Amino acid sequence: EAGVAQSPRYKIIEKRQSVAFWCNPISGHATLYWYQQILGQGPKLLIQFQNNGVVDDSQLPKDRFSAERLKGVDSTLKIQPAKLEDSAVYLCASSFATLSYNEQFFGPGTRLTVL
Amino acid sequence: GEDVEQSLFLSVREGDSSVINCTYTDSSSTYLYWYKQEPGAGLQLLTYIFSNMDMKQDQRLTVLLNKKDKHLSLRIADTQTGDSAIYFCAERDSGGGADGLTFGKGTHLIIQP
């Protein structure tokens, strides 16, 4: 079974520029998550989708971050404009959402460096 | 808000048992998880425990949950060099469809030969 795919793997931009990350979840997974992992910390949830609807975006900095999941499959996360503190690894995860323990499968992440 | 705390480092000798501890604050947590992160690799679920259980064993892994004290531990028996990684404790709330995880900062497990 193919895992969660993310691209690009690495991105370096200057502050105030825009950037977009792409995620392709495991086939059949209805739920998709974006997490931000700053160096030395655990992942922090940014947004959760169920199919193409937003379930939880309470921790998404909506003045600069946006995300969409068109057709309930792939998702993109955008930052515009980027700040230095946005340097982090952005992790995408997906799950069936029908299992009681709801295992989330994580992609390899996109490492963003903002200069 | 929700908070998950872990010690940052643990050093053990190869062949000994490792015990990684975690405390959490959200009393409504339904499931608690241990994830493993190796350099250059994604997060991998190791094991989980439902909040009405107090122990779960899976091969070399033993999870203990003290719900009264909101304390979770992961014991790895016969620790090997391949167990060297960062271990994250995470909790999931019960709340209404939103089931994103709250992670601790991770414990770096260092194996001494």
field: Karplus 3J(HN,Hα) series, Hz, for the range B:58-66 with 6.51 cos²θ - 1.76 cosθ + 1.60 (x for Gly, Pro)
entry: 8, 6, 7, 9, 10, 10, 10, 10, 10
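Just need the relative contact order of chain A here, percent rounded to a whole number, with Cα pairs under 8 Å and 6+ apart. All intermediate terms of the calculation are to be shown ahead of the outcome.
On the way: 286 pairs, mean separation 42.3, N = 115.
Computed value for chain A: 37 percent relative contact order.
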query: What's the center-to-center distance, using Cα atoms, between the range A:21-47 and the range A:86-111 in Å?
result: 4 Å
task: With 5 Å bins from zero, work out the P(r) of chain B over every alpha carbon pair and list the percent per bin.
output: 2, 12, 24, 25, 20, 10, 5, 2, 0, 0
query: How about residue B:68: which lysines have a C-alpha closer than 25 Å to its C-alpha, ignoring those fewer than 8 places off in the same chain?
result: B:56, B:105
task: Report which residues of the range B:84-113 become buried by 10 Å² or more of accessible surface when going from the isolated chain to the complete set of protein chains (1.4 Å probe; DNA, RNA and ligands ignored).
output: B:88, B:92, B:97, B:98, B:99, B:100, B:101, B:103, B:105
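Counting residues in chain A as N, plug N into 2.2 N^0.38 Å and put the Cα Rg over that result.
Numbers: Rg = 13.4 Å, N = 115, 2.2 N^0.38 = 13.4 Å.
It is 1.01.
Could you work out what % of the accessible surface of the range A:3-115 is carbon and sulfur, using a 1.4 angstrom probe and leaving DNA, RNA and ligands out of the count? All intermediate terms of the calculation are to be shown ahead of the outcome.
Numbers: 2790 of 5410 Å².
Of the solvent-accessible surface of the range A:3-115, carbon and sulfur hold 52 percent.
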- prompt: Over chain B, what is the relative contact order in whole percent, taking alpha-carbon pairs under 8 Å and six or more residues apart?
  reply: 37 percent
- request: For the protein assembly as shown, count the residues as N, evaluate 2.2 N^0.38 Å, and divide the Cα radius of gyration by that value, please.
  value: 1.02
field: Size of charge dipole - the range A:4-91 - debye, nearest 20, with Cβ of Lys, Arg +1 and Asp, Glu -1, no other charges
entry: 200 debye
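Given a 1.4 angstrom probe, what's the average accessible area per residue across chain B, in square angstrom? Can you show the working numbers first?
On the way: 5470 Å² over 113 residues.
Counting only protein heavy atoms, the per-residue value for chain B is 48 Å².
Can you work out the accessible area per residue across chain A, with the rest of the protein chains kept in place, probe 1.4 Å, in square angstrom? Numbers along the way, then the final one.
Working: 5670 Å² over 115 residues.
About 49 Å² of surface per residue is accessible.
The values are calculated or read from the model by the stated rules, or taken from the named source; none is laboratory data. The model shown is predicted, which means the values in this text are computed figures rather than measured ones. Note that each Cβ is placed from the backbone with ideal geometry, even for glycine, and that neighbours are counted across all protein chains shown. Accessible surface areas use protein heavy atoms only, side chains included; no ligands, DNA or RNA. Shrake-Rupley method; radii C 1.70, N 1.55, O 1.52, S 1.80 Å.
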